[in-house]
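Colleague: The structure's right below; bear with me while I get my questions together.
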Amino acid sequence: MPGYKLAIDGPAGSGKSTISALIAKRMGWTHIDTGAMYRAVTLQAIELGIDLNEESAYRFLESSKIHYDFDKIYINDRDVTEAIRSESVTNHVSLVSSFPYVRKKLVDLQKHAAEYGNIVMDGRDIGTVVLPHANLKVFLTANVEERAKRRYKENLKKGKVTQIEKVIEDISTRDQKDSTRKESPLKMADDAIILDTTHLTIDQVVNKIIELTGQKEKEHGV
Ligand code: DC
């Protein structure tokens, strides 16, 4: 696998995707948000009206094309970048991503996408399953209150008012489901570096990870 492979894992709201996108931009690397891929499958399953509890119903994936490119996600060439952030997708994605068949399909796609070039990939099982030989594995954490606060602010920016208690509850439920599922649960790789971002700004986290890669930044003056 030529190129630098950076694996970033962590729970919901730990800032993985935002931070990975910024690192990719600064370094001129490719970013792949694997959570967006699980969300895209969930969206398509909901739209097709399949029984979400039935693993064999996900066979529709045999003929659908899921594609992540420049921070946009496509299902059969339709841009679903906004649509995958809906509440309905968020509420069902843990269930959908628990099926071995779905995981195998997406992990194969992810491994393939990471074959060439410098890659920052973020998710839950990147350091453990998708890129076990990554050059650097980072596991981001933050306490649940801080993660909920970030999600709450993100929602506000989109004009959506939520109750912070409800966000804490949703994040805790998703943490519980993602880390206790049988198939590739959210788990830190033995050789990952843990970074608690509770009291760090986004820039501090980005700088710290770039420092850890030991690679020179492309951006001037930073
Ligand atoms: O990062 P996110 O919140 O957008 O991810 C959505 C869901 O997808 C998350 O609840 C668990 C699942 N997921 C996964 O199982 N494995 C990954 N590599 C990425 C996400």
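The values are calculated or read from the model by the stated rules, or taken from the named source; none is laboratory data. Predicted model only: the values in this text are computed from it and were never measured. Please note: Cβ atoms are built from the backbone with ideal geometry, for glycine as well, and neighbour counts cover all protein chains shown. Heavy atoms of the whole protein, side chains included, go into the accessibility calculation; ligands, DNA and RNA do not. Shrake-Rupley method; radii C 1.70, N 1.55, O 1.52, S 1.80 Å.
Colleague: Of the residues T34, T30, which single one is more than 15 Å from the ligand (Cβ to nearest atom), in contact (Cβ under 8 Å) with a residue 60 or more places away in the chain and among the polar types (S, T, N, Q)?
Modeller: Within the list T34, T30, the selection yields T30.
Colleague: Go through the stretch 125-151 and give me each residue that's surrounded by fewer than 19 Cβ atoms within 10 Å (Cβ to Cβ) and farther than 22 Å from I32 by Cα.
Modeller: N143, V144, E145, E146, K149
Colleague: Residues being farther than 18 Å from L195 by Cβ and touching a strand residue (DSSP E or B) at 6+ places or on another chain (Cβ under 9 Å): count how many of those fall in the stretch 14-32.
Modeller: Residues meeting the conditions: 4.
Colleague: Now, a different point. Residues in the stretch 179-206 that are assigned to a helix (DSSP H, G or I) and open to solvent by 30 Å² or more (accessible area, probe 1.4 Å): how many?
Modeller: 5
Colleague: Is there a residue in the stretch 192-204 that is in contact (Cβ under 8 Å) with a residue 40 or more places away in the chain, within 13 Å of the ligand (Cβ to nearest atom) and among the hydrophobic types (A, V, I, L, M, F, W, C)?
Modeller: No, that holds for no residue.
Colleague: Filter the stretch 81-119 for residues that are within 24 Å of R174 (Cα to Cα), within 13 Å of the ligand (Cβ to nearest atom) and not in a helix (DSSP H, G or I) and give the result.
Modeller: Passing the criteria: T81, S86, S97, S98, F99.
Colleague: Can you tell me which of A57, A83 is farther than 23 Å from E183 by Cβ and open to solvent by 20 Å² or more (accessible area, probe 1.4 Å)?
Modeller: Answer to the selection: A83.
Colleague: Can you go through D71, D9 and tell me which one is closer than 19 Å to V205 by Cβ, acidic (D, E) and in contact (Cβ under 8 Å) with a residue 60 or more places away in the chain?
Modeller: D9
Colleague: Now a separate question. Scan the stretch 42-79 for residues that are modelled with pLDDT of 95 or more, of a type in the set (A, V, I, L, M, F, W, C) and either outside any loop (DSSP other than H, G, I, E, B) or under 26 Å from G28 (Cβ atoms) (or both) and jot them down.
Modeller: Result: L43, A45, I46, L48, A57, F60, L61, I73, I75.
Colleague: Would you mind stating whether A57 is among the small types (G, A, S) and under 14 Å from the mean Cα position of the chain (by Cα)?
Modeller: Judged against the criteria, A57 is not a match.
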